[in-house]
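J.: Take a look at this one; I'll ask things after.
The values are calculated or read from the model by the stated rules, or taken from the named source; none is laboratory data. Predicted model, so just to flag it, every value in this text is computed and none were measured. For neighbour counting, all protein chains shown are included, and Cβ atoms are generated from backbone atoms with ideal geometry for every residue, glycine included. Protein only, heavy atoms only, side chains kept; ligands, DNA and RNA dropped before computing areas. Shrake-Rupley method; radii C 1.70, N 1.55, O 1.52, S 1.80 Å.
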Amino acid sequence: METRARHQEKCDLVARQLSGIVSAGRPVRLAKSTSNLFRRRESSLAPSLYVGGLNQVLAVHPAELTAEVEGMAPYDTIVRETLRYGLLPAVTPQLKSITAGGAVSGVGIESSSFRYGLVHETVEEMDILLADGRRVVCSPAQLPDLFYGFPNSYGTLGYALRLKIRLIPAQPFVHLRHHRFEQPAEFFDAISTAVQTPAASFLDGTVFSPQEMYLTAGEFTPSAPSTSDYRWMNIYYRSLRHRTEDWLTAWNYIWRWDTDWFWCSKNVGAQHWLVRLLATPLALNSRTYQRIMRLAQRLAPGGGGSESVIQDVDIPVAQAAEFLRFLLTEIKITPIWICPFQHAGGGQYDLYSFDPATVYINFGFWDVIPSTREPGYYNRRVEQELVRLGGKKGLYSSAYFDRETFWKLYNGPAYERLKSRYDPAHALPGLYEKCVRV
Ligand SMILES: Cc1cc2nc3c(=O)[nH]c(=O)nc-3n(C[C@H](O)[C@H](O)[C@H](O)COP(=O)(O)OP(=O)(O)OC[C@H]3O[C@@H](n4cnc5c(N)ncnc54)[C@H](O)[C@@H]3O)c2cc1C
């Protein structure tokens, strides 16, 4: 745990750095040891804002089921701390390096989102450092426009230095049941029913083909007849195809996708038994694969003949089967991660709002596909389809929207109001300029 005094010292240091960069009229660039952004960014000489030190937990409040964490605290640090009290964040993104501030500013989701909404819907309060050096507290009661406008702002309104997040009681184990479906319509109907009559603690799915889809329901349990371990030689996503039920410790359940970056570890050869044996559990994780991938990007930026399609897209459940058909026939990336969610009630989040009465499906698909088309062709096709079907997408990867379409999706008028109130000098980049490749 970090002390308040030390936290203050670190915040003062970051604030001084920021005012130095801003008063020099220079663009600001967040310097962190890890990032889950997948936009190709030009190398920048912009001075770095070193925030890596703000990566600790400040306090866990078991009685009120909350924790206070620093803005760049990665979720594996947070979970390690809360589990000591038999508690977990209400929604924990499944990659260990995702941070609390990044999951709010960049939108996060996981298998408990069908109960608690997206990560930002489980936040109760934030300290935000604004470009003019002010540090403000925001919550539903204090500066509610900033509190409800901060999610999906991608560091263009300010930086979260402290967050108060909601926790849930956790049992030592999670009992998983994998239900196989061979018809997309039945698959999404079952998801809709499971969301509306929540029995499980966790719900997500994996699509291998139009005839092979799995809906996994997870339930906390105090004991388990035996437990599986997917941190080394065994590969979690492959287990779905030959087990109907499984038991994992709560820690191993939360990080079940991190060992193989879902299934993307195949792109660095880490699914070969010998590589796994030599790599050991220490290296088999998303941080390692990110580093390898960024190095590869620098050494071989990659030319024609292929297109990187790494996207998380949210579609109303009624249109989900149609979007899946499009993905399987035109984009042809499998497996696909499926995560249901719905708005958890409470206020609407202006830059990433959803119809409270509708269940949505998050489709996660991440790969490099062969292409003879112009650059960005398949990513644009995904954008055309999601707009047609009333969806949205996370902005952590490539985006090609025109301004009009972008601001229809992400609430241009609200963003203008927020920008003119919290960064009137535009010392931080604009959301469109930062997220869209023009
Ligand atoms: C393969 C893949 C799978 C993914 N799957 C999921 C998923 O299933 N669930 C999920 O939740 N997310 C998923 N993501 C997306 C990921 O959550 C987001 O990209 C998230 O924003 C990353 O957070 P980070 O802490 O790594 O932040 P970074 O990647 O470092 O930053 C993301 C953005 O947030 C801003 N930012 C970071 N910290 C702060 C702060 N403290 N205050 C203000 N702004 C800040 C940065 O400026 C940047 O614009 C996935 C990403 C990838 C690449």
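J.: Net charge around ALA190, counting only other residues with Cβ within less than 15 Å of its Cβ (Lys, Arg = +1; Asp, Glu = -1)?
T.: Here the charged neighbours net out to -3.
J.: Shifting gears a bit: For the stretch 320-438, what is the accessible area per residue in Å² when the probe is 1.4 Å?
T.: Accessible surface, normalised per residue, equals 42 Å².
J.: Another question about this same structure. Could you work out the helix-only [θ] at 222 nm for the chain, with each DSSP H run of four or more residues adding -39,500 (n - 2.57) and the total divided by the number of residues, to the nearest 500 deg cm²/dmol?
T.: -8500 deg cm²/dmol
J.: On the protein heavy atoms, probe 1.4 angstrom, tell me the percent of accessible surface of the stretch 173-299 carried by carbon and sulfur.
T.: 58
J.: Within the accessible area of the stretch 306-398, what % is carbon and sulfur when the probe is 1.4 Å and the other protein chains stay in place?
T.: After summing per-atom areas, the C and S share lands at 51 percent.
J.: Enumerate the calculated ³J(HN,Hα) couplings along the stretch 252-257 in order (Karplus 6.51 cos²θ - 1.76 cosθ + 1.60, θ = phi - 60°), each rounded to whole Hz, writing x wherever the residue is Gly or Pro.
T.: With coefficients 6.51, -1.76 and 1.60, one gets 5, 5, 4, 9, 4, 8 Hz.
J.: How about the stretch 203-286: which trypsin sites (Lys or Arg not before Pro) there are in a DSSP loop, with at most 15 other Cβ atoms within 10 Å of their Cβ?
T.: Sites meeting the loop and neighbour criteria: ARG241, ARG243.
J.: Where the eigenvalues come from the Cα gyration tensor of the chain, what are the semi-axes √(5λ) of the equivalent ellipsoid, largest first, in whole Å?
T.: One finds semi-axes of 32, 26, 23 Å for the chain.
J.: Using a cut-off of 15 Å between beta-carbons, work out the net charge of the residues near VAL317 (Lys and Arg +1, Asp and Glu -1, VAL317 not included).
T.: After counting each charged neighbour, the total is -4.
J.: Measuring from centroid to centroid over Cα atoms, what is the spacing of the stretch 1-29 and the stretch 166-232 in Å?
T.: First find each Cα centre; the distance between them is then 42 Å.
J.: Provide the three semi-axes, in whole Å and in decreasing order, of the ellipsoid equivalent to the stretch 173-299 as defined by the square roots of 5 times the Cα gyration tensor eigenvalues.
T.: 28, 18, 13
J.: Also: Starting from one equal scatterer on each C-alpha and no solvent at all, send me the Debye-based log10 I(q)/I(0) for the stretch 359-438 at q = 0.11, 0.18, 0.26, 0.27 Å⁻¹, two decimals.
T.: Log-scaled intensity ratios, in q order: -0.36, -0.86, -1.39, -1.44.
J.: Give a quick list of trypsin sites (Lys or Arg not before Pro) in the stretch 98-161 that DSSP marks as loop, anything other than H, G, I, E or B, with at most 14 other Cβ atoms within 10 Å.
T.: Here the sparse-neighbourhood loop sites are ARG134.
J.: I need the fraction of alpha carbon pairs in the stretch 306-398 separated by more than 24 Å, rounded to a whole percent.
T.: Tail of the P(r) past 24 Å holds 20 percent of the pairs.
J.: Follow-up question, since we're still on this one. Have a look at PRO151, PRO89, PRO210 and tell me which one the Gaussian network model of the chain (Cα, springs below 10 Å) gives the largest fluctuation.
T.: PRO210
J.: Can you check how the C-alpha radius of gyration of the stretch 280-348 compares to 2.2 N^0.38 Å, as a plain ratio?
T.: Ratio of Rg to 2.2 N^0.38 Å for the stretch 280-348: 1.57.
J.: Shape of the stretch 4-170 from its Cα gyration tensor (a ≥ b ≥ c, root eigenvalues): rounded if a/c is under 1.5, otherwise prolate when a/b > b/c, or oblate?
T.: Here the stretch 4-170 falls in the prolate category.
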